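Here the structure is laid out as structure tokens; the discussion comes afterwards.
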Amino acid sequence: MQNKFYITTAIDYPSSNPHLGHAYEKLCADVLARWNRLLGKQVFFLTGTDEHGLKIMRAAQKAGLTPQAFVDRQSEKFKELCSLWNISYDRFIRTTEKQHIKVAQQIFKKIYEKGDIYLGTYTGKYCADCETFYTEKDLIDGKCPVHGKECELVSEESYFFRLSKYKEKVIEYIEKNDLSIWPAGKKEEIKNRLKQDLLDLSVSRTSFDWGIPVPINPKHVQYVWIDALINYISGVDYPNEQFKKFWPADVHLIGKDIVWHHTVIWWSILMAANIELPKTVLVHGFIQTESGEKMSKSKGNVIDPIELAKNYNIDSIRYYLIREIPFGEDGYFSEEKLIERHNTELANDLGNLVNRTLAMTERYFSGVVPAGSLDVELKEKLNLEKVKQHMQKFELHLALAEIMSFVKACNQYINEKEPWKKQGKELSDIIYTLVEALRAIAILLHAFMPASSEKIANALSIEVKSIEDVFSEKGLAGKKVTKPGILFQKINR
Ligand code: MSP
């Protein structure tokens with residue numbers, strides 16, 4: 001299908017509670033999903049939880065629950081996160097769902113029958129936190145390169161996937177497709193890693209049983225990463241109608257620690273199963289704490305995004321994160337900066353513009369938008385093409401900055417025109433122009449701040465549907481508008 005946009009996030013390990021990194025990833029995906037809906041595309045947005053494997057099994061034991069009861073409880077927290085953060089997913093997949101298990105087994109069997117999965121023995125250093133085997137040269141001082149913990153020496157009968165067979169094809173795909181991995185720096189990292197020999201990948205375990213049984217040998221469970229990656233096709237009901245409609249994925253949005261899994265491993269599996277490859281693996285940066293440390297569950301320095309959403313206006317949080325962190329780069333989270341942007345850019349700039357415009361419409365025209373002509377000079381201060389291009393190039397922070405510079409221009413327009421000193425046609429033109437500008441702003445901010453966009457739209461008695469409605473011919477003259485109340489309450493520190 002031409003006019004579709006299928007976007008996924010990584011599925012999170014629910015071994016502990018959601019952290020800000022999880023929320024940030026879902027937020028970025030949500031912005032892209034909402035934006036593409038506004039462009040008129042048929043969007044499918046998939047997110048969910050990755051519920052099998054040793055790490056989950058151990059976390060369940062620690063919590064005194066069966067793995068199933070544990071993941072049932074934990075996945076609810078990730079759903080709560082999505083609801084509090086206004087994440088507009090179309091499906092929340094859980095890898096313990098029957099339908100997913102069926103597809104994961106189907107793919108495993110298909111690749112086995114093709115001869116690309118075979119039985120062997122594996123001995124290696126395993127980090128349960130990463131659910132990943134490491135070779136000696138990956139380890140740092142003999143410890144896991146991500147968690148800095150001792151890895152366990154594991155030796156067991158295992159099925160192997162012929163990853164090495166696909167190496168050249170993976171390289172070819174990267175070379176031929178400019179956007180296969182974004183940003184370019186991440187693509188280079190993968191290309192460099194591919195200069196080394198590729199070993200076949202161990203894709204089953206016998207030492208524990210919390211996983212999807214290998215269909216040809218139920219003594220084994222599937223390696224959790226194979227099970228997890230398959231969510232991207234089971235999530236759109238592989239191999240049925242929905243899959244045919246939405247696959248290949250347009251964007252797999254992930255963090256920088258799992259690019260290898262989503263390119264070399266995932267693409268090879270897809271090639272082995274004769275399935276088309278996703279278009280773009282889009283890599284966002286990591287959110288760190290102010291001290292510059294990486295935020296992670298194992299380090300215990302996480303900011304709870306559920307608490308955060310209860311303490312602040314969710315749109316202020318969404319705005320702050322997107323505006324502050326250049327997309328694709330690492331960034332810091334600072335509560336102080338969040339408050340600063342909330343007070344200046346949202347409460348002052350945006351909030352005042354909305355209130356002043358609607359109050360003047362009320363005062364001078366009893367709340368009915370006057371007929372008028374659009375001030376072309378102000379209209380041209382909005383560079384819509386530039387906003388669109390930034391979004392197209394995944395420069396979410398720049399798109400938002402461009403929209404907000406138009407908000408500033410509108411405030412300046414009010415200050416310069418001094419509508420309170422005007423009458424007749426001059427006054428009608430100013431108010432008409434400002435109301436149209438507000439409509440444009442409500443539409444453009446929808447992807448970033450959906451709740452506030454809706455409040456502005458409600459005040460204008462319009463619905464946010466399409467980017468086409470930005471300064472459209474069908475003006476709002478004659479519409480009754482109301483004041484939305486305070487959009488962003490100033491925070492006193
Ligand atoms: N379950 C695997 C993914 C399987 S996808 C088929 C996993 N889970 S995770 O819970 O550890 O991470 C989920 C996502 O959150 C990943 O994309 C990861 O990069 C991202 N982040 C984890 N910590 C992060 C930050 N501190 N900042 C931003 N994103 C972070 O990996």
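The values are calculated or read from the model by the stated rules, or taken from the named source; none is laboratory data. Fair warning: this is a prediction, and the values are worked out from it, not measured in the lab. Please note: Cβ atoms are built from the backbone with ideal geometry, for glycine as well, and neighbour counts cover all protein chains shown. With ligands, DNA and RNA removed, areas are computed over all heavy atoms of the protein, side chains included. Shrake-Rupley method; radii C 1.70, N 1.55, O 1.52, S 1.80 Å.
Values computed for the structure shown
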quantity	calculated
Unmet criterion (only one of (1) closer than 29 Å to H390 by Cβ; (2) small (G, A, S); (3) part of a loop (DSSP other than H, G, I, E, B)) for S83	(3)
Matching residues, the stretch 34-59, being in contact (Cβ under 8 Å) with a residue 60 or more places away in the chain, part of a helix (DSSP H, G or I) and within 16 Å of the ligand (Cβ to nearest atom)	L54, K55, I56, M57, R58
Some residue of the stretch 87-100 being charged (D, E, K, R), open to solvent by less than 10 Å² (accessible area, probe 1.4 Å) and touching a strand residue (DSSP E or B) at 6+ places or on another chain (Cβ under 8 Å)	no
Residues satisfying the stated conditions in the stretch 1-33, i.e. near the ligand (Cβ under 9 Å from one of its atoms) and aromatic (F, W, Y)	Y13, Y24
Yes/no for D30 being open to solvent by 50 Å² or more (accessible area, probe 1.4 Å) and among the acidic types (D, E)	no
The listed residue being within 16 Å of the ligand (Cβ to nearest atom), of a type in the set (A, V, I, L, M, F, W, C), touching a residue at least 24 places away in the same chain (Cβ under 8 Å) and under 18 Å from F108 (Cα atoms), out of I190, I230, I181	I230
Sole residue being surrounded by 13 or more Cβ atoms within 10 Å (Cβ to Cβ), over 17 Å from I467 (Cβ atoms), modelled with pLDDT of 95 or more and aliphatic (A, V, I, L, M), chosen from L400, L396, L374, L382	L374
Residues that are at pLDDT 95 or above, β-branched (V, I, T) and outside any helix (DSSP H, G or I), drawn from the stretch 86-135	I87, I93, T95, T96, I117
Residue within the stretch 297-308 that is at pLDDT below 95, surrounded by 18 or more Cβ atoms within 10 Å (Cβ to Cβ) and within 30 Å of F161 (Cβ to Cβ) present	yes
